[in-house]
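What follows is one structure encoded as structure tokens, with my remarks underneath.
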Amino acid sequence: QVQLVESGGGLVQAGDSLRLSCATSGRTSSVYAMGWFRQAPGKERDVVAGVSWSTGSTYYANSVKGRFTISRDNAKNTVYLQMNSLKPEDTAVYYCAASPYGLQTMTGQSYSNYWGQGTQVTVSS
């Protein structure tokens, strides 16, 4: 089993920054890619960013490219999402994801992912 715990969400103003963390535990050797999704009320859960655990290759949604940065800490089995220049449109519950498959599967076939419990990010105008 793989467990994921997110932290770092909160209420900020437009233009501010937040850093989300996702700590993994359990059978982490089965994780080949990790990333972040977000879901606003009434909307589908959409991918924000992803990273290959072994190669470091990354993926970003067009809506966050240039503002968000995903990174990993191998020693701590933790993935981060640095969010800069936040906009009200970024308001959502952010979920950490881990995949036993590659980065493409993690981002494109999210039904196969392990999930964290989610952390709320609210950006006021």
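Those residues that are more than 17 Å from Q117 (Cβ to Cβ), outside any loop (DSSP other than H, G, I, E, B) and either open to solvent by 10 Å² or more (accessible area, probe 1.4 Å) or basic (K, R) (or both), I need them from segment 31-54; list them, please.
D46, V47, S52 - these are the residues of segment 31-54 that are more than 17 Å from Q117 (Cβ to Cβ), outside any loop (DSSP other than H, G, I, E, B) and either open to solvent by 10 Å² or more (accessible area, probe 1.4 Å) or basic (K, R) (or both).
For segment 56-65, does any single residue satisfy the condition of being of a type outside the set (V, I, T), touching a Gly at 6+ places or on another chain (Cβ under 6 Å) and either more than 17 Å from Q3 (Cβ to Cβ) or surrounded by 18 or more Cβ atoms within 10 Å (Cβ to Cβ) (or both)?
Yes.
Determine which single condition V5 fails, assuming it passes every other condition in (1) crowded, with 16+ Cβ neighbours inside 10 Å; (2) of a type in the set (A, V, I, L, M, F, W, C); (3) closer than 16 Å to Y114 by Cα.
Result: V5 fails condition (1) only.
So which of S17, S7, S25 ends up being touching a residue at least 12 places away in the same chain (Cβ under 8 Å), of a type outside the set (K, R) and farther than 24 Å from V123 by Cβ?
Of S17, S7, S25, the one residue that is touching a residue at least 12 places away in the same chain (Cβ under 8 Å), of a type outside the set (K, R) and farther than 24 Å from V123 by Cβ is S25.
Report the residue count in segment 72-82 for those that are more than 10 Å from the chain's Cα centre (by Cα) and surrounded by fewer than 16 Cβ atoms within 10 Å (Cβ to Cβ).
Here the count works out to 4.
For segment 11-30, which residues satisfy the criterion of being part of a strand (DSSP E or B) and on the phi > 0 side of the Ramachandran plot?
Matches in segment 11-30: G26 only.
Please indicate, with yes or no, whether at least one residue in segment 114-121 is part of a strand (DSSP E or B), among the β-branched types (V, I, T) and more than 18 Å from G15 (Cα to Cα).
Yes, that holds for at least one residue.
Does E44 count as within 15 Å of Q120 (Cα to Cα) and of a type in the set (D, E, K, R)?
It is false that E44 is within 15 Å of Q120 (Cα to Cα) and of a type in the set (D, E, K, R).
Yes or no, residue by residue, for (1) crowded, with 20+ Cβ neighbours inside 10 Å; (2) free of Cβ contacts under 8 Å to residues at least 24 places away in the same chain; (3) in contact with an Asp or Glu (Cβ under 6 Å, 6 or more places away or on another chain):
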| residue | (1), (2), (3) |
| --- | --- |
| N84 | no, no, no |
| A92 | yes, no, no |
| C96 | yes, no, yes |
| T107 | yes, no, no |
| V121 | yes, no, no |
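T28 - would you say it is of a type in the set (S, T, Y), crowded, with 21+ Cβ neighbours inside 10 Å and out of contact with any Lys or Arg (no Cβ under 6 Å at 6 or more places or on another chain)?
No.
Exactly one condition in (1) at pLDDT below 95; (2) under 18 Å from G118 (Cα atoms) is false for F68; which is it?
(1)
The values are calculated or read from the model by the stated rules, or taken from the named source; none is laboratory data. Since the structure is predicted, the reported quantities are computational estimates derived from the model, not experimental observations. Backbone-built Cβ (ideal geometry, glycine too); neighbour counts: all protein chains shown. When the accessible area is computed, the model is the full protein with side chains, heavy atoms only, and any ligands, DNA or RNA have been set aside. Shrake-Rupley method; radii C 1.70, N 1.55, O 1.52, S 1.80 Å.
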